[in-house]
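Below: the structure, in structure tokens.
The values are calculated or read from the model by the stated rules, or taken from the named source; none is laboratory data. Worth saying up front: this structure is predicted, and the values here are computed from it rather than measured. Glycine also receives a Cβ, built like all others from the backbone with ideal geometry; neighbour counts cover every protein chain displayed.
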Amino acid sequence: MKRVKSMVSALTFLYPVILLSLKNTRYFKVLALSLGAILIVSLMIRLPRGRRLIFLGMLISIALAMAILGLNNMERLYPFLMSASMLTIFASSTEPEGNPMIGPMRRRILADPQLLYALQDARWIWIVGLTVNTLILGVLLFAFGLDVWLLYAGFYSYLLLVLLFVLTLAFVTLRRRRIP
């Protein structure tokens, strides 16, 4: 199970790069849709049951909007959904224990209340950043060509995530020094 999770994580990170390398192949759409479907299903499985229905509703709504608008770029849907689902997870974590940043270091963080509350406040950095990222990916999904989308989804969106991580570290460090 751990190996599958690490493979899905790697695939999530490499998805735009894989699409870029497959862009000019004959089976681009089939491979892109297959990889995207695997990632979307793995994302849905990891969500709590109540959020799965919301995510499924969002997925159906977007697919319908794309069909109505006549857009033929479903292979670009996964990064948008990933960003939107991360945004949903951060925005819905109202209690510090539900904060997604706490998971990997739960024991250490729960033992330090200052760190716990600093991370809870820092989630707003992620909410704003992921809102911007989701909006940009949504605009690129509907209004721009594959090359522009690949550049943003495969490069600039990752730079934005690194920036959010650095801002979070800076915020938490400054906040912990200020709180006695």
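Points worth noting:
- Selection within the range 33-48: residues that are in a helix (DSSP H, G or I) and touching a Phe, Trp or Tyr at 6+ places or on another chain (Cβ under 7 Å). The member of this set that is nearest to PHE90 (Cα to Cα) is MET44.
- Residues in the range 1-28 that are in contact with a helix residue (DSSP H, G or I) (Cβ under 6 Å, 6 or more places away or on another chain) and farther than 16 Å from PHE80 by Cα were compared, and the one that is modelled with the lowest pLDDT is VAL8.
- Residues within the range 146-171 that are free of Cβ contacts under 8 Å to residues at least 24 places away in the same chain and among the small types (Gly, Ala, Ser), tallied: 1
- Single residue of the range 30-39 satisfying the filter (touching a helix residue (DSSP H, G or I) at 6+ places or on another chain (Cβ under 6 Å) and in contact (Cβ under 8 Å) with a residue 24 or more places away in the chain) that is nearest to MET86 (Cα to Cα): LEU39
- When the helices (runs of 4 or more DSSP H) confined to the range 111-180 are screened for residues that are of a type in the set (Phe, Trp, Tyr), those reaching at least 3 such residues are found at 113-143, 157-178.
- The single residue among LEU141, LEU174, LEU159 that is more than 20 Å from the chain's Cα centre (by Cα) and either more than 30 Å from ASP112 (Cα to Cα) or surrounded by fewer than 14 Cβ atoms within 10 Å (Cβ to Cβ) (or both) turns out to be LEU174.
- Residues (surrounded by fewer than 21 Cβ atoms within 10 Å (Cβ to Cβ) and either hydroxyl-bearing (Ser, Thr, Tyr) or over 20 Å from THR88 (Cα atoms) (or both)) located in the range 119-138: THR131
- Here PHE155 clears all of (1) more than 23 Å from LEU22 (Cβ to Cβ); (2) out of contact with any helix residue (DSSP H, G or I) (no Cβ under 6 Å at 6 or more places or on another chain) except the condition numbered (1).
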